[in-house]
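The values are calculated or read from the model by the stated rules, or taken from the named source; none is laboratory data. What you see is a predicted model; the values in this text were computed from it and never measured. Reconstructed Cβ throughout: ideal geometry from the backbone, glycine too, with neighbour counts over all protein chains shown.
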Amino acid sequence: MAHPPLLEFSNVTVDHGEFRGLHGLTLAIRSGEHTAIVGPNGSGKSTLLKVLMRDLYPRLFDPPPVVRILGRENWRLFDLRAILGIITNDLAETCRKPYSARETVLSGFFGSIGLWPNHEVTPAMEARAAELMELLEITHLAERHMTAMSSGEVRRAVVARALVNNPQAIILDEPSNSLDVHAARELRRTLRTLAQSGITIILVTHHLPDIIPEIERVVCLKRGRVFADGPKSEILNAGTLSALFEAQVEVLETSGYYHMW
């Protein structure tokens, strides 16, 4: 029997007031299928994430909309953390609190930001947090407050927080926003390490250099619909991206990374 997709959207339509964010969207991503979701501002990328996080709900049409994670429509939030880690820019900013990086990473076990007096941290939790901080090369920042860290350091600590429950996949929304060149490179190196470790990477972006070499599938959204979907080598070209962004662009591939101007 075939395993259900990691993520499945079928006939999903979402309205924001008079604006339609998604139009009958149908899309499935399987476990282990590293995927980039690409599109201009207003294409539906953020709406898709909000539907997944239950911040927005689809309109009821016939046939009815479906949003499933591993074949299930209903999940307890605590159980879902072991399946999916979602990392947004809003979350990164929310995590900029006067807690240390270590406390912030450990708080992922409790779904909080920072540790609270009623949180009982076990030796196994401490070991997992230390392991992830070493993997993401932020061990030296363990006792530094998040408010005293750079944007790139904060982003890596937030990634570690999302990984404490050993999720099958992580979704990153515009991960290089607000990062300088060095921090963006460090984050991409981190994502490559995670992809090679067996964690499914789903990247939501309009910035092509964020698409690490391990990502082979690209889904393009435009005005709330799937505009193009296929292997990276067939999608990331001047013709497709010019039509997607409605501007004449050129595309260059170097060392497995794509650049557009």
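I'm checking my understanding of the structure. Among residues of region 12-22 that are touching a residue at least 12 places away in the same chain (Cβ under 8 Å) and surrounded by fewer than 16 Cβ atoms within 10 Å (Cβ to Cβ), which one is farthest from Glu73 (Cα to Cα)?
As a first pass, look at region 12-22 and keep what is touching a residue at least 12 places away in the same chain (Cβ under 8 Å): 12-16, 20-22.
Checking the rest, the ones that are also surrounded by fewer than 16 Cβ atoms within 10 Å (Cβ to Cβ) come to 15-16.
Numbers: Asp15: 20, His16: 22 Å.
That would be His16.
The set of residues from region 228-248 being outside any helix (DSSP H, G or I) and either surrounded by 18 or more Cβ atoms within 10 Å (Cβ to Cβ) or at pLDDT below 95 (or both) comprises Ala228, Leu236.
Residues in region 204-226 that are assigned to a strand (DSSP E or B), out of contact with any Pro (no Cβ under 8 Å at 6 or more places or on another chain) and surrounded by 18 or more Cβ atoms within 10 Å (Cβ to Cβ): Val204, Val219, Cys220, Leu221, Val226. Of all positions in region 221-236, at least one carries a residue that is of a type in the set (A, V, I, L, M) and more than 19 Å from His23 (Cα to Cα).
Under the condition of being over 12 Å from Asn165 (Cβ atoms) and of a type in the set (Lys, Arg), which residue from region 71-123 is modelled with the lowest pLDDT? That would be Arg76.
Restricting Arg96, Arg81 to those that are of a type in the set (Lys, Arg) and within 24 Å of Arg30 (Cβ to Cβ) reduces the list to Arg81. Would a scan of region 178-185 turn up a residue that is hydroxyl-bearing (Ser, Thr, Tyr) and either in a helix (DSSP H, G or I) or at negative phi (or both)? Within region 178-185, not a single residue is hydroxyl-bearing (Ser, Thr, Tyr) and either in a helix (DSSP H, G or I) or at negative phi (or both).
Taken over region 63-80, residues that are surrounded by fewer than 20 Cβ atoms within 10 Å (Cβ to Cβ) and either of a type outside the set (A, V, I, L, M) or in contact with a Gly (Cβ under 8 Å, 6 or more places away or on another chain) (or both) amount to 12. The single residue among Val14, Val51 that is in a strand (DSSP E or B) and either touching a Pro at 6+ places or on another chain (Cβ under 7 Å) or polar (S, T, N, Q) (or both) turns out to be Val14.
Within region 153-169, track down each residue that is surrounded by fewer than 21 Cβ atoms within 10 Å (Cβ to Cβ) and farther than 15 Å from Thr104 by Cα. Result: Asn166, Pro167, Gln168.
Consider Gly39 carefully, then state whether it is under 22 Å from the mean Cα position of the chain (by Cα) and crowded, with 18+ Cβ neighbours inside 10 Å. Show your work before the answer.
Values: under 22 Å from the mean Cα position of the chain (by Cα): yes; crowded, with 18+ Cβ neighbours inside 10 Å: yes.
For Gly39, the condition - under 22 Å from the mean Cα position of the chain (by Cα) and crowded, with 18+ Cβ neighbours inside 10 Å - is met.
Here the helices (runs of 4 or more DSSP H) wholly within region 69-174 that include at least 3 residues being in contact with a helix residue (DSSP H, G or I) (Cβ under 6 Å, 6 or more places away or on another chain) are 101-106, 123-135, 151-163.
Taking region 109-152 as the region of interest, how many residues are of a type in the set (A, V, I, L, M, F, W, C) and exposed (fewer than 14 other Cβ atoms within 10 Å of the Cβ)?
Of region 109-152, the ones of a type in the set (A, V, I, L, M, F, W, C) are 109-110, 113, 115-116, 121, 124-125, 127, 129-130, 132-133, 135-136, 138, 141-142, 146, 148-149.
The next check asks that each one be exposed (fewer than 14 other Cβ atoms within 10 Å of the Cβ); those that pass are 116, 124, 127, 148.
Residues in region 109-152 being of a type in the set (A, V, I, L, M, F, W, C) and exposed (fewer than 14 other Cβ atoms within 10 Å of the Cβ): 4 in total.
Beta carbons closer than 6 Å, at least 6 apart along the sequence or on distinct chains, pair a first residue in region 46-64 that is at pLDDT below 95 with a second that is part of a loop (DSSP other than H, G, I, E, B) and of a type in the set (A, V, I, L, M) for Lys50/Leu56.
Of the residues making up region 65-82, those that are in contact (Cβ under 8 Å) with a residue 12 or more places away in the chain and closer than 20 Å to Leu106 by Cβ number 4.
Quick check on Gln168: is it within 20 Å of Ile83 (Cα to Cα), of a type in the set (S, T, N, Q) and free of Cβ contacts under 8 Å to residues at least 24 places away in the same chain? It is false that Gln168 is within 20 Å of Ile83 (Cα to Cα), of a type in the set (S, T, N, Q) and free of Cβ contacts under 8 Å to residues at least 24 places away in the same chain.
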